[in-house]
Amino acid sequence: MGRFFDCFSPLLQYLRTWAAIGLFCLLITWSFPAQATSTVDSKLEQQVLQIIREHPEVIIESVQAYQQQQQQKIKQVRQAFVQDFKTNPKIVIGESPTTGSTQSKTVLIEFSDFQCPYCAEAHKTLKNLLAKYPDNLRLVYKNLPLTSIHAEALPAATAAWAAHQQGKFWEYYDALFTNQKQLGEALYLDIAKNLNLDLGKFKRDLTLATPAIDKDIQLAEKLAVSGTPFFVINSPTFSGVVQLADIKNILADAK
């Protein structure tokens, strides 16, 4: 999402494109009988490669058509989610942590990763918006730890969930982003101590966090969220996926 959208999203798109090309070629090969001789296979391979060399535009067009179909599916899924968000906000929010006014007609869902530097920047902006619009914004947190590139994303999310069980999620959230460069087991325990959490319960809850975090991840996958932070807003003036830079204007209009 602009400068806040995780930098690995374009790489994923590139890999998806070439994976589609590879799958196309494999499907051509697999469509022939298994008993075909190695000689026939070799000739077939050469023929397919020759066709691709002579007509690369066919592959490109096929991939583009596939991408358009996928984008349309994603658009439909997101539209359905936004509609559910508008008509059944409590179900969409579920047991996720929330802050701000519970009476606000503007609800913002944030998919975030505690080790993501863009999320740390977004955290500062959101904190300012909550302070400026205390009666006009409700923020909902959903976990999307990018474990392939952030080793501490999941442990941090787990610790925050454990703090949530003692009503201290947002204090823990602030501390994690403030001390993002020190993420690790020692920090998670220090924050818990500083917040006067019951350490015995905190440690037990660390082992129980997986289902809740997985539920958030599955929702993000359903919405085809490939980077963090990612925002969905429902307000009197706009509903849908939104960039962080536009949230202030939406809040001002709603007010």
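The values are calculated or read from the model by the stated rules, or taken from the named source; none is laboratory data. Values in this document were obtained by computation on a predicted structure and should not be read as measured data. Positions of Cβ are generated from backbone atoms using ideal geometry, with glycine treated the same way; all protein chains shown enter the neighbour counts. What goes into the accessible areas is simple: the full protein's heavy atoms, side chains included, and nothing from ligands, DNA or RNA. Shrake-Rupley method; radii C 1.70, N 1.55, O 1.52, S 1.80 Å.
Evaluate segment 116-134: report whether one residue or more is at pLDDT 95 or above, in contact with a strand residue (DSSP E or B) (Cβ under 6 Å, 6 or more places away or on another chain) and either at positive phi or not in a helix (DSSP H, G or I) (or both).
No: zero hits.
Could you go through segment 96-118 and let me know if any residue there is farther than 30 Å from ALA252 by Cβ, surrounded by 14 or more Cβ atoms within 10 Å (Cβ to Cβ) and in contact (Cβ under 8 Å) with a residue 60 or more places away in the chain.
Yes, some residue in segment 96-118 is farther than 30 Å from ALA252 by Cβ, surrounded by 14 or more Cβ atoms within 10 Å (Cβ to Cβ) and in contact (Cβ under 8 Å) with a residue 60 or more places away in the chain.
Residue under question is LYS127, and the condition is that it be surrounded by 11 or more Cβ atoms within 10 Å (Cβ to Cβ) and farther than 30 Å from GLU152 by Cα; does it hold?
For LYS127, the condition - surrounded by 11 or more Cβ atoms within 10 Å (Cβ to Cβ) and farther than 30 Å from GLU152 by Cα - is not met.
Filter segment 216-242 for residues that are touching an Asp or Glu at 6+ places or on another chain (Cβ under 8 Å), modelled with pLDDT of 95 or more and among the β-branched types (Val, Ile, Thr) and give the result.
The one that is touching an Asp or Glu at 6+ places or on another chain (Cβ under 8 Å), modelled with pLDDT of 95 or more and among the β-branched types (Val, Ile, Thr): THR228.
Here is a list: ALA245, ALA254. Which entry is open to solvent by less than 50 Å² (accessible area, probe 1.4 Å), modelled with pLDDT under 95 and not charged (D, E, K, R)?
Answer to the selection: ALA254.
Given the structure, is PRO211 surrounded by fewer than 14 Cβ atoms within 10 Å (Cβ to Cβ) and more than 30 Å from ALA162 (Cβ to Cβ)?
Criteria not met by PRO211.
Out of all the residues in segment 143-172, which are open to solvent by less than 10 Å² (accessible area, probe 1.4 Å), in contact (Cβ under 8 Å) with a residue 40 or more places away in the chain and either in a loop (DSSP other than H, G, I, E, B) or not hydrophobic (A, V, I, L, M, F, W, C) (or both)?
Result: no residue meets the conditions.
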